[in-house]
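The values are calculated or read from the model by the stated rules, or taken from the named source; none is laboratory data. Given the structure is predicted, the values throughout are model-derived calculations rather than measurements. Please note: Cβ atoms are built from the backbone with ideal geometry, for glycine as well, and neighbour counts cover all protein chains shown.
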Amino acid sequence: MSEDVLDLIVLGAGPGGYVAAIRASQLGMKVAVVEPRATMGGVCLNEGCIPSKALLDSSEHFSMARDKFASHGVIVNPPTLDLATMLARKNDVVKKLTDGIAYLFKKNKVQVISGSGKVVRPQAGEPHAVEVTCNGVTQIVKGKKILLATGGIPVEVPSLPFDGKTIVSSKDALEFTSVPEHLIVVGAGYIGLELGSVWRRLGAKVTVVEMLPKMLPFTDSEVTDTLMKILKKQGVEFRMATSVTKVEIANGKALVSLTSAGKTDLVECDKILVAIGRKPVTAGLGLEEVGVAVNEKGRVEVDENYETSVAGIYAIGDLIPGPLLAHKASEEGVAFAERLAGMPATVHYDTIPGIAYTWPEAASVGKTEQTLKEEQIPYTVGKFNFMANGRARCMDETEGFVKILAHKESDKVLGIHIVGPRASDMIAEGVAVMSYGGTSHDIAAMFHAHPTLAEAIKEAALDVRKSAIHA
């Protein structure tokens with residue numbers, strides 16, 4: 001092979017692609033990343049995880065100043081929202097992090113090729129090839145291996161086509177230049193609840209519409225029931241087991257038909273956020289032409305090393321089966337690169353945490369009570385409410401609980417579910433313990449500094465054997 005043949009070509013600079021590229025380069029491979037965006041980091045850094053969390057934090061500060069400061073003895077005039085400054089801060093957070101990825105590429109000698117990549121059939125005896133198009137100019141890049149890491153995009157409902165103004169995607173909902181009077185959120189998943197929370201805190205009326213009877217359908221029911229009650233207290237309205245059957249748009253307003261149990265209501269709003277899920281980006285990649293197999297759900301089929309049906313072409317992240325989560329993609333990126341280098345690498349798929357960054361937050365890892373019952377696995381429950389946690393009391397954030405599910409005989413932790421303050425950070429302890437096959441006794445026997453929110457995990461672990469001190 002000629003010197004211009006790369007060891008690895010990565011399509012996509014998101015959390016899976018950029019991590020895989022950097023790790024592969026660290027392991028001595030000559031790597032290039034093909035990315036159509038001007039900035040690195042994919043959806044996560046540019047229009048997903050990072051900007052949404054920036055707005056969640058800013059909007060929480062605003063609601064704290066408005067609703068809670070006085071109870072702490074901090075008396076201020078009613079706060080005034082400067083949305084332009086809030087959005088500018090969000091954009092600055094995004095820029096710093098995307099610039100950071102570009103710096104890491106440079107530091108690790110990862111070449112960036114701007115443009116849209118398409119896998120093409122190589123000539124006989126030639127290495128794999130990617131056709132890269134940028135501003136109408138096309139070039140061919142050759143590599144021994146190709147990694148597909150193009151991520152996902154919002155699912156569009158045929159009856160609710162995105163127009164970027166009234167019917168919007170999650171990307172658009174991060175850029176509203178004014179607070180909607182009434183925002184209807186279609187979909188009660190992570191994205192819908194988080195962005196609905198942002199705009200509710202900032203003053204919008206928010207109605208969440210969900211076809212299913214349960215929000216966050218794969219989350220423990222006790223968690224979702226508790227979180228829904230809290231969000232309702234915050235003013236979020238829920239219309240469960242309800243469908244949007246018709247939308248009429250006129251003069252910047254939408255008249256929405258909401259149908260449930262055969263009854264239809266007409267509701268007026270000025271924005272409709274469609275957040276029913278995401279799907280993998282496979283269009284335009286040339287998969288069919290080169291013979292890469294895709295399953296009935298549109299996911300790329302891979303083996304244990306992430307290799308597709310075509311030797312030398314691999315895929316990770318949102319393209320392959322499993323939850324569409326940035327941290328899953330990143331772990332797969334590391335494992336892919338290390339296995340490619342002949343190293344052992346494991347992804348603990350049973351301990352992928354799921355988090356709703358509402359306030360309070362909801363975080364889970366492992367099996368739910370519902371799953372354990374369905375699988376007829378004997379288990380014991382330990383639970384502790386934040387109401388009895390000293391640090392939560394000091395913070396005036398006492399809503400929610402920690403619940404630990406342990407095997408009835410072996411005491412092995414099967415699942416941990418938290419709804420409460422900083423649940424997103426606390427769940428890491430559960431992931432660590434479960435990754436090593438730990439027991440509730442292991443957690444109960446560990447030091448947990450006092451006073452901390454994490455003590456609630458220890459108390460829940462003690463409660464598995466009904467020996468909690470503060471319950």
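Here are some notes:
- If you check 65, 124 for being at pLDDT 95 or above and surrounded by fewer than 18 Cβ atoms within 10 Å (Cβ to Cβ), only one passes: 65.
- Selection status of residue 39, within 30 Å of residue 142 (Cα to Cα), surrounded by 16 or more Cβ atoms within 10 Å (Cβ to Cβ) and within 18 Å of the chain's Cα centre (by Cα): no
- Filter result for the condition that a residue is surrounded by fewer than 19 Cβ atoms within 10 Å (Cβ to Cβ) and farther than 30 Å from residue 130 by Cα, over 268, 288: 268
- Qualifying residue in the range 249-269 (condition: assigned to a helix (DSSP H, G or I), of a type in the set (D, E, K, R) and touching a residue at least 24 places away in the same chain (Cβ under 8 Å)): no
- Looking only at residues in the range 422-454 that are under 20 Å from residue 411 (Cβ atoms) and among the acidic types (Asp, Glu), the one that is surrounded by the most Cβ atoms within 10 Å (Cβ to Cβ) is 429.
- Residues of the range 287-319 satisfying the condition of being in contact with a strand residue (DSSP E or B) (Cβ under 6 Å, 6 or more places away or on another chain) and closer than 14 Å to residue 15 by Cβ: 318, 319
- With respect to being within 21 Å of residue 315 (Cβ to Cβ), part of a loop (DSSP other than H, G, I, E, B), touching a strand residue (DSSP E or B) at 6+ places or on another chain (Cβ under 6 Å) and in contact (Cβ under 8 Å) with a residue 60 or more places away in the chain, residue 29 fits the description.
To keep it simple, each residue is scored yes or no on (1) surrounded by fewer than 17 Cβ atoms within 10 Å (Cβ to Cβ); (2) over 23 Å from residue 432 (Cα atoms); (3) in contact (Cβ under 8 Å) with a residue 12 or more places away in the chain.
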residue	(1), (2), (3)
375	yes, yes, no
383	no, no, yes
386	no, no, yes
391	no, no, yes
395	yes, yes, yes
399	no, yes, yes
402	no, no, yes
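Per-residue answers, yes or no, for (1) at negative phi; (2) touching a Phe, Trp or Tyr at 6+ places or on another chain (Cβ under 8 Å):
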| site | (1), (2) |
| --- | --- |
| 15 | yes, no |
| 41 | no, yes |
| 44 | yes, no |
| 52 | yes, yes |
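- When residue 140 is tested against the conditions (1) surrounded by fewer than 16 Cβ atoms within 10 Å (Cβ to Cβ); (2) not in a loop (DSSP other than H, G, I, E, B); (3) not assigned by TED's automatic domain parsing to the domain that holds residue 91, the lone failure is (3).
- Residue in the range 322-339 that is more than 30 Å from residue 150 (Cβ to Cβ), part of a helix (DSSP H, G or I) and touching a strand residue (DSSP E or B) at 6+ places or on another chain (Cβ under 8 Å) present: no
- Condition check for residue 38: more than 26 Å from residue 193 (Cα to Cα) and part of a loop (DSSP other than H, G, I, E, B): yes
- Filter result (within 20 Å of the chain's Cα centre (by Cα) and free of Cβ contacts under 8 Å to residues at least 40 places away in the same chain) within the range 336-369: 347, 349, 352
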